[in-house]
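Reviewing the structure listed below.
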Amino acid sequence: QVQLVESGGGLVQPGGSLRLSCAASGSIFSINAMGWHRQAPGKEREFVAVITSGGITNYADSVKGRFTISRDNAKSTMNLQMNSLKPEDTAVYYCNALSNKLYWGQGTQVTVSS
């Protein structure tokens, strides 16, 4: 079992920055990749970014060049640095981790508005 807890969401103006964190606990040795998805009101959950245990990253086209995913294996944490935020980035952001199955956090709200 893997438990995930997100933090760092909030309200920010367009063009601003936020840093999300995800703390993993439990069977963390079994985690391969970790990543972020998001879900805006009335829309399906969508992929944002992923990072493997070896540090390979991949991003959705909509966030490429603005978001940076990183991982501290020693601390069992993962971060998502979000810069140049846009109103369309408003969503609940979910941390996930892949081991024997895909685990999800409870989500953290990000609102980009003036």
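The table that follows gives values for the structure above.
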| quantity | calculated |
| --- | --- |
| Region 68-109: relative contact order in percent, alpha carbon pairs under 8 Å with at least 6 residues between | 26 percent |
| Solvent-accessible surface (1.4 angstrom probe) belonging to V112, in square angstrom, nearest 10 | 10 Å² |
| Percent accessible area from carbon and sulfur atoms, the chain, protein chains only, probe 1.4 Å | 51 percent |
| Bridge type composition, the chain - antiparallel percent by DSSP, nearest 5 | 95 percent |
| Proximal lysines to K43, defined as alpha-carbon separation beneath 23 angstrom and excluding residues fewer than eight positions away on the same chain | K64, K86 |
| Packing rank of 87-94, 32-39, 9-16, where each peptide gets the mean count of other beta carbons within 10 Å, highest leading | 32-39, 87-94, 9-16 |
| The chain: relative contact order as a whole-number percent, Cα under 8 Å and 6+ apart | 37 percent |
| Three principal axis lengths of the chain [C-alpha, angstrom, descending] | 41, 25, 21 |
| F47, F67, F29, reordered so the largest accessible area comes first (probe 1.4 Å) | F29, F47, F67 |
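The values are calculated or read from the model by the stated rules, or taken from the named source; none is laboratory data. None of the values given here were measured: they were computed from a predicted structure. Here the Cβ is made from the backbone with ideal geometry for all residues, glycine too, and neighbour counts use every protein chain on show. Accessible surface is based on the protein model in full, side chains and every heavy atom, while ligands, DNA and RNA are left aside. Shrake-Rupley method; radii C 1.70, N 1.55, O 1.52, S 1.80 Å.
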